[in-house]
Structures are given as structure tokens and as C-alpha cells.
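Report on the following structure.
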Amino acid sequence: MEDLTIHVFGYGETQIVKKDVNFKTATSELTKVQPLLDALWAEKPEDVTGGDDFRSVTFFNYDLKQWLGKKDEASFRIKGKEDTLVALIDELIAEMTALIPQE
């Protein structure tokens, strides 16, 4: 598996970074972001409070997910491959890859 990082920025852009690719687009152009964010929020630790507003959400490969909330108490990290998230991450990768301009 190649290294990849996906950033969903609270200001409205989503970026994918992998070998030879660094592509950013408006989150509003993507249909697969919100289902992934909803699924990740559902996996948050029980002690996370403060609402689901975020500065950024980052997916490092499939193994580490980081939610940086607008409030510190709404921030968390999850390590490990959750089967429910793998398929959603793959769907977002496919959607973004289809938007990358071909040279």
C-alpha cells in the first residue's frame, strides 16, 4: 500500500497527498467526504465533547485518523484500521482521483 494522506479542512477544501500527487479541491464538490466524516465522528472516544465542528480532519493511510476540533475537547485521534472507515476512505480516494487533471 502506498503512503497517502487526506486532509479535510474546516474552511472548505479537501486535499489528497500521495506519491506524485498533491491535489486539493473544494469539499462541496465531493459527495464522499460527509459520509466519511460522519462515520469517523461516530467512532470518537466517549469522553470527546464540544460538538463536531472541526479545523481539520486528517487520514494518514488507513491507520491513523485525527480530528482537530474547533474546541480542544472535540479533538481526538484513532489508531487502527476500522473496517467501516476503510471502504469510505477508498470511495473518497476514488472520487478525488477521478478529479485530478491528467497531464
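The values are calculated or read from the model by the stated rules, or taken from the named source; none is laboratory data. No experiment lies behind these values; they were computed from the predicted model shown. Glycine also receives a Cβ, built like all others from the backbone with ideal geometry; neighbour counts cover every protein chain displayed.
List of remarks:
- Those residues of the range 25-52 which are farther than 25 Å from Lys71 by Cα and loosely packed, with under 15 Cβ neighbours inside 10 Å, in sequence order: Glu29, Thr31
- Identity of the residue in the range 85-103, β-branched (Val, Ile, Thr) and in contact with a Leu (Cβ under 9 Å, 6 or more places away or on another chain), that ends up nearest to Lys44 (Cα to Cα): Ile89
- Test: Ser75 is small (Gly, Ala, Ser) and touching a residue at least 40 places away in the same chain (Cβ under 8 Å): no
- Screening Ala74, Ala98 for residues that are surrounded by 14 or more Cβ atoms within 10 Å (Cβ to Cβ), more than 14 Å from the chain's Cα centre (by Cα) and under 19 Å from Thr27 (Cβ atoms) leaves exactly one candidate, Ala74.
- The single condition among (1) within 12 Å of the chain's Cα centre (by Cα); (2) in a strand (DSSP E or B); (3) not aromatic (Phe, Trp, Tyr) that Leu92 does not meet is (2).
- Candidates are the residues of the range 40-74 that are within 14 Å of Val8 (Cα to Cα) and of a type in the set (Gly, Ala, Ser); the one that is modelled with the highest pLDDT is Ser56.
- Any hit, the range 80-87, residues being under 19 Å from Asp3 (Cα atoms), touching a residue at least 12 places away in the same chain (Cβ under 8 Å), surrounded by fewer than 16 Cβ atoms within 10 Å (Cβ to Cβ) and hydrophobic (A, V, I, L, M, F, W, C): yes
- Subset of the range 31-68 [farther than 25 Å from Leu99 by Cα, in a loop (DSSP other than H, G, I, E, B) and touching a residue at least 12 places away in the same chain (Cβ under 8 Å)]: Glu43, Lys44, Pro45, Val48, Thr49, Gly50, Gly51, Asp52, Asp53
- One residue stands out in the range 11-24 among those that are in a loop (DSSP other than H, G, I, E, B) and at pLDDT 95 or above: the one that is surrounded by the most Cβ atoms within 10 Å (Cβ to Cβ), namely Gly12.
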